[in-house]
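Q: I have a structure I would like to understand better, so I am pasting it below and will then ask my questions one at a time.
The values are calculated or read from the model by the stated rules, or taken from the named source; none is laboratory data. Note that the structure is predicted; figures quoted are calculated from it, not measured. Cβ sites come from the backbone with ideal geometry, for glycine too, and all protein chains shown count toward neighbours. The area values use the complete protein model at the heavy-atom level, side chains included, leaving out ligands, DNA and RNA. Shrake-Rupley method; radii C 1.70, N 1.55, O 1.52, S 1.80 Å.
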Amino acid sequence: MAIAMLLDLAKCTACRGCQAACKQWNDLPAVKTTNRGSYQNPADLSYDTYTLIRFKEYERPDGSFAWLFLNQRCLHCTEAVCVDVCPTGALQHNELGFVSFDESKCNGCGYCVQFCPFGIPRLSEVDKTSTQAKSSKCTFCQDRVTNGVEPACAKACPTGAITFGDRDALIAHGKARVEELKAQGRADARLYGEKELGGLHQMYVLEEKASVYGLPEDPKYPA
Ligand code: SF4
Ligand code: SF4
């Protein structure tokens with residue numbers, strides 16, 4: 001059985017409980033930030049931030065305004081270029097479907113950062129205390145799910161925007177949600193990730209076109 005998560009962006013209220021739960025479970029430090037006039041905080045993914053709620057103000061074609069939230073993290077591709085370019089085996093396909101990461105094997109080459117079609121992995125800073133850069137990304141809470149426990153972000157989400165389970169069941173649920181959204185007038189609603197890059201193990205229910213959220217409409221394995 002392949003496992004997955006369904007990120008229903010239409011249900012996300014941007015409370016960022018998932019961000020906090022991810023930091024807590026993975027023992028990641030807070031990132032010092034400055035006020036940039038946005039609730040999006042921190043500004044970007046980083047070595048210490050595996051999941052981020054991106055805030056986007058959007059004017060719909062009918063002139064109405066929407067505040068959209070993208071839950072940005074590794075999408076755990078089936079055709080995962082990061083696994084293929086990693087020279088040390090730090091990134092691997094797990095038999096459950098997600099892309100695991102073993103930081104102890106990472107040599108900091110940065111190939112995964114360079115080639116990921118979603119721009120996800122980030123390298124650590126090299127300074128006086130750390131002479132070896134390391135990559136990082138969401139691990140699908142590999143230490144939890146391989147022990148039968150749901151990912152920390154899915155457990156923390158209070159609105160049902162993050163659901164975890166059997167991938168086929170989540171695809172069926174995602175398609176039903178898209179039909180609901182279309183019936184509510186969201187003509188561009190779609191399930192993102194059923195087939196993209198061989199099938200993603202973190203899929204989105206989108207209210208608008210993928211490009212509105214900054215996602216590639218048709219992500220490609222790099223040539
Ligand atoms: S989203 Fe990027 S880092 Fe995650 S599995 Fe796909 S290629 Fe790898
Ligand atoms: S699955 Fe775990 S590591 Fe990935 S975003 Fe959720 S809490 Fe963070």
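Q: For region 90-107, give me each residue that is part of a loop (DSSP other than H, G, I, E, B) and open to solvent by less than 20 Å² (accessible area, probe 1.4 Å).
A: First, the residues of region 90-107 that are part of a loop (DSSP other than H, G, I, E, B): 90, 94-98, 102, 106-107.
Within region 90-107, A90, G97, F98, C106 meet the criteria.
Q: Please work out if V113 is open to solvent by 40 Å² or more (accessible area, probe 1.4 Å), of a type in the set (A, V, I, L, M, F, W, C) and free of Cβ contacts under 8 Å to residues at least 12 places away in the same chain. Steps first, answer last, please.
A: Working: open to solvent by 40 Å² or more (accessible area, probe 1.4 Å): yes; of a type in the set (A, V, I, L, M, F, W, C): yes; free of Cβ contacts under 8 Å to residues at least 12 places away in the same chain: no.
Answer is no for this residue.
Q: Please go through region 65-89 and pick out each residue that is of a type in the set (V, I, T) and surrounded by 15 or more Cβ atoms within 10 Å (Cβ to Cβ).
A: Listed by number, the residues that qualify are T78, V81, V83, V85.
Q: From the list C74, C116, C112, which residue is at pLDDT 95 or above, out of contact with any Asp or Glu (no Cβ under 8 Å at 6 or more places or on another chain) and within 26 Å of T13 (Cβ to Cβ)?
A: Every option except C74 fails the conditions.
Q: When you scan region 21-60, how many residues do you find that are of a type in the set (S, T, Y), touching a helix residue (DSSP H, G or I) at 6+ places or on another chain (Cβ under 8 Å) and assigned to a strand (DSSP E or B)?
A: 2
Q: Within the group C112, C18, C82, which residue is in a helix (DSSP H, G or I), in contact with a Cys (Cβ under 6 Å, 6 or more places away or on another chain), away from ligand 1 (no atom under 15 Å from the Cβ) and not polar (S, T, N, Q)?
A: C18
Q: Residue pairs, Cβ under 6 Å, 6 or more apart or interchain, first in region 198-219 and among the small types (G, A, S), second not in a loop (DSSP other than H, G, I, E, B). List them.
A: Final answer for the pair search is A210/Y192.
Q: Here's another thing I want to ask about it. Of the residues in region 61-79, how many are away from ligand 2 (no atom under 15 Å from the Cβ) and assigned to a loop (DSSP other than H, G, I, E, B)?
A: 6
Q: If you go through region 17-47 one residue at a time, how many are within 13 Å of ligand 2 (Cβ to nearest atom) and either at pLDDT below 95 or open to solvent by 70 Å² or more (accessible area, probe 1.4 Å) (or both)?
A: Number satisfying all stated conditions: 3.
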